[in-house]
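Down below is the structure, laid out as structure tokens.
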């Protein structure tokens, strides 16, 4: 069965974006390490599908770049009916049931991109298998949390041999659910 993997970065105080959805703090040049992508390229080889909420999708579209996930099947969850594009399919029915069926289909792992509401739904329904969380050495004070209010308590197992620290202060922790 395919696994759902939340591969995400967060501030030390647990936010994945500013309150307005902006993630400019992730692209601060002081965090750059030449020839280092923090495992992104290796991770991308393990997936063939992405899942994201509509707000996350809109934020991705605001980047001054082409849509970055052209080599994957992309699903965007929205409460309202949206027109599919050549890059994404919009899902507005039961997200948990859709994801449960998707996990049963053949293929590589599935990247749960976020945001917080979708992360919470996937975790609370027992569909999340793994979290790869990169802590960024910044405290935002407020913003969009990794998981929203109403998240059920979960005990995670740290995969110590897969977790890493980087010279720029990033700490990447890998957890199994």
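The values are calculated or read from the model by the stated rules, or taken from the named source; none is laboratory data. Just so it is clear, the model here is predicted, and its values are computed rather than measured. Ideal geometry is used to build each Cβ from the backbone, glycine not excepted, and the neighbour counts take in all protein chains shown.
General remarks:
- Against the conditions (1) on the phi > 0 side of the Ramachandran plot; (2) exposed (fewer than 14 other Cβ atoms within 10 Å of the Cβ); (3) in contact with a helix residue (DSSP H, G or I) (Cβ under 7 Å, 6 or more places away or on another chain), residue 152 satisfies every one except (1).
- A residue that is touching a helix residue (DSSP H, G or I) at 6+ places or on another chain (Cβ under 7 Å), part of a strand (DSSP E or B) and over 30 Å from residue 98 (Cβ atoms) cannot be found anywhere in the range 159-175.
- Candidates 58, 45 - the one that is surrounded by fewer than 15 Cβ atoms within 10 Å (Cβ to Cβ) and under 24 Å from residue 148 (Cβ atoms): 58
- Considering the range 2-82, the qualifying strands (runs of 3 or more DSSP E), each wholly inside and each with 2 or more residues that are within 19 Å of residue 99 (Cα to Cα), modelled with pLDDT of 95 or more and under 13 Å from the mean Cα position of the chain (by Cα), run over 4-11, 47-53, 73-77.
- Options 90, 98; residue that is free of Cβ contacts under 8 Å to residues at least 40 places away in the same chain, under 20 Å from residue 79 (Cα atoms) and part of a strand (DSSP E or B): 90
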